[in-house]
Amino acid sequence: MSLLIPSSQSNQQKLGERRVEAAVIGCSAGGLDALKIVLEAFPADLGIAVIVVAHTAPDGDHLLPSLLDNICNLPVSEAREREAVLPGQVYVAPPNYHLLIEPQRSFALSVDERVCFVRPAIDVLFRSAADVYHQHLIGIILTGANDDGAQGLKAVKDAGGYTLVQDPRDAYADAMPKAAIATAAVDRVLPLDALAEAVLRFCLSPAKS
Amino acid sequence: MEPAKIQDIEIGLFLEALFQRHGYDFRNYAKASLKRRILAMTAAARCRNVAELIPRLLHDEDYLAEVLAQLSVPVTEMFRDPPVFKSLRETVLPRLATYPRFNIWQAGCATGEEVYSLAIMLEEEGLLDKAQIYATDINDNALQRAEDGIFPVRCLEEYQRNYKAAGGKTDLADYYVANAGFFRIHERLRKKIVFAHHNLVSDGVFCEVQLILCRNVLIYFDNTLQRRVLKLFHDSLVRSGFLCLGTRESLRSVETEQLFAPVNREAMIFHKNGENS
């Protein structure tokens, strides 16, 4: 498979730069505050899709996209079934569905069993995103009180992607970042306020040949 | 070649074998979920890779039922999305009441929790005796469980809450008998439902119906298959008949707009377009 940048993408990023297509973010307990800090630091010209799974109550009103939209420079919306995944957009998984990425880079939903007792599960999104985006993907695990996301983050790493985890000492709940770190598939462990910058720096760094 | 690419080849061969050997065509299922299920099935069979499933699929007659059960993982609950059931009760059932008799089809009923929820609503609205309900699936194991109407009591608390939020008029306990960790739906409801094997991918219209319930089934289909099934629903519905889909499903194709018009977008209830709409 060629690593050359297709012409349709070349206006986004220059030749020789790493062509990151998407970042996937997973969080649970304490996730809203953590997400705000990461997302509000993203510039309007980020140029990649950001896809979020946050564990929420299955029957709750889904206010998360509008809450985040208020503080984020990028438009935030709920991921819609069959919709194309577009750069420069932030998507949030709907409550009570797993969110997956189809090979043609569109969203799919599933009501399959809960994974790690949750739906949407971070593992499900991360694995399917790793299958589609390979090394053009960044995986990020934030605060949370269970171990969902650890296997997904490992899948991102195994597919050649870049993996970031919030420093457990800095997290509202440290179980999820700790579980992710225990997989030994983590490129960098950083405090919350340094994660957005690490994403930007990685997007702009030259790709290894 | 990368292992991931080899795996994609294996999955393609597995689906081809399933189709050519048994006539079940999953090739137009959405890829990401299907892959998850095939990999789960590979792990459950203690196989090292997907290709190891293929000889068994070809030569072991009994394996098909298991494959169909695992590829159509049945997950359902009673009165899931209570506002949808409330809307069916308030908007659709009064219309059904105008028919001397009517038919309802739940396509992809899995283990039956949802179709029993519907039957309970019909009973409460005094419509059950006028109704014939068909509930279909490709998963015979799930169909058998649906027909038995026996479910674990650990789910009851949530179902009771859903039932009330859906506008339930009495108590969910009026419709089942609980015993030793399980509850069984009353026979009066069970005998009103015909459970049957039907494959949305390949089977056609089997009767004329006033309401089709098909929630969170089409999310597993690609655009081509989604269109085929919506056309099948259109052909199965009476004039102005109702279709209820899952709350997060999207009907993106242009033709779909011509087939159905929204009755309640939030609840994803549509009615058939065409002759008189």
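The values are calculated or read from the model by the stated rules, or taken from the named source; none is laboratory data. Everything quoted here is computed from the prediction, not taken from an experiment. Every residue, glycine among them, receives a Cβ derived from its backbone with ideal geometry; neighbour counts consider all protein chains shown.
Out of all the residues in the range B:169-178, which are of a type outside the set (Val, Ile, Thr), out of contact with any helix residue (DSSP H, G or I) (no Cβ under 6 Å at 6 or more places or on another chain) and not in a helix (DSSP H, G or I)?
Those that are of a type outside the set (Val, Ile, Thr), out of contact with any helix residue (DSSP H, G or I) (no Cβ under 6 Å at 6 or more places or on another chain) and not in a helix (DSSP H, G or I): B:Asp171, B:Tyr176.
Test A:Leu153 against the criterion of being in a helix (DSSP H, G or I) and touching a residue at least 24 places away in the same chain (Cβ under 8 Å), and give yes or no. It would help to see each step written out before you state the result.
Details: in a helix (DSSP H, G or I): yes; touching a residue at least 24 places away in the same chain (Cβ under 8 Å): yes.
Yes: the conditions hold for A:Leu153.
Give me a count of the residues in the range A:124-145 that are within 11 Å of chain B (Cβ to nearest Cβ), in contact with a strand residue (DSSP E or B) (Cβ under 7 Å, 6 or more places away or on another chain) and surrounded by 24 or more Cβ atoms within 10 Å (Cβ to Cβ).
Qualifying residue count, the range A:124-145: 5.
Return the residues of the range A:110-123 that are part of a strand (DSSP E or B) and more than 10 Å from chain B (Cβ to nearest Cβ); say none if nothing qualifies.
A:Val118 - this is the single residue of the range A:110-123 that is part of a strand (DSSP E or B) and more than 10 Å from chain B (Cβ to nearest Cβ).
Is it the case that B:Glu125 is among the charged types (D, E, K, R) and either crowded, with 22+ Cβ neighbours inside 10 Å or out of contact with any helix residue (DSSP H, G or I) (no Cβ under 8 Å at 6 or more places or on another chain) (or both)?
no
In the range B:11-49, how many are more than 14 Å from every other protein chain (Cβ to nearest Cβ) and part of a helix (DSSP H, G or I)?
Qualifying residue count for the region: 11.
Just to be sure before I move on: is B:Val205 part of a strand (DSSP E or B) and surrounded by fewer than 19 Cβ atoms within 10 Å (Cβ to Cβ) in the structure I sent?
no
Please go through the range A:40-54 and pick out each residue that is assigned to a loop (DSSP other than H, G, I, E, B) and surrounded by fewer than 24 Cβ atoms within 10 Å (Cβ to Cβ). Let's see the steps before the verdict.
At the first step, the residues of the range A:40-54 found to be assigned to a loop (DSSP other than H, G, I, E, B) are A:40-48.
If the condition is that a residue be assigned to a loop (DSSP other than H, G, I, E, B) and surrounded by fewer than 24 Cβ atoms within 10 Å (Cβ to Cβ), then A:Glu40, A:Ala41, A:Phe42, A:Pro43, A:Ala44, A:Asp45, A:Leu46, A:Gly47 are the ones that fit.
From B:Cys214, B:Cys207, grab the single residue that is modelled with pLDDT under 95 and within 24 Å of B:Leu127 (Cβ to Cβ).
None of the others qualify; the one that does is B:Cys207.
What are the residue pairs meeting all of these: first residue in the range B:260-275, first residue free of Cβ contacts under 8 Å to residues at least 24 places away in the same chain, second residue assigned to a loop (DSSP other than H, G, I, E, B) and among the hydroxyl-bearing types (Ser, Thr, Tyr), Cβ atoms under 7 Å, and 6 or more apart or on different chains?
These pairs meet every condition: B:Ala261/B:Ser277.
Please determine, by comparing only the residues of the range A:91-109 that are facing chain B (nearest Cβ under 7 Å) and touching a residue at least 24 places away in the same chain (Cβ under 8 Å), which one is nearest to B:Lys5 (Cα to Cα). Steps first, please.
First, pick out the residues of the range A:91-109 that are facing chain B (nearest Cβ under 7 Å): A:94, A:97, A:100-103, A:108-109.
Imposing the further condition that a residue be touching a residue at least 24 places away in the same chain (Cβ under 8 Å) reduces the set to A:94, A:100-103, A:108-109.
Numbers: A:Pro94: 30, A:Leu100: 19, A:Ile101: 17, A:Glu102: 15, A:Pro103: 12, A:Ala108: 21, A:Leu109: 23 Å.
Checking each candidate, the answer is A:Pro103.
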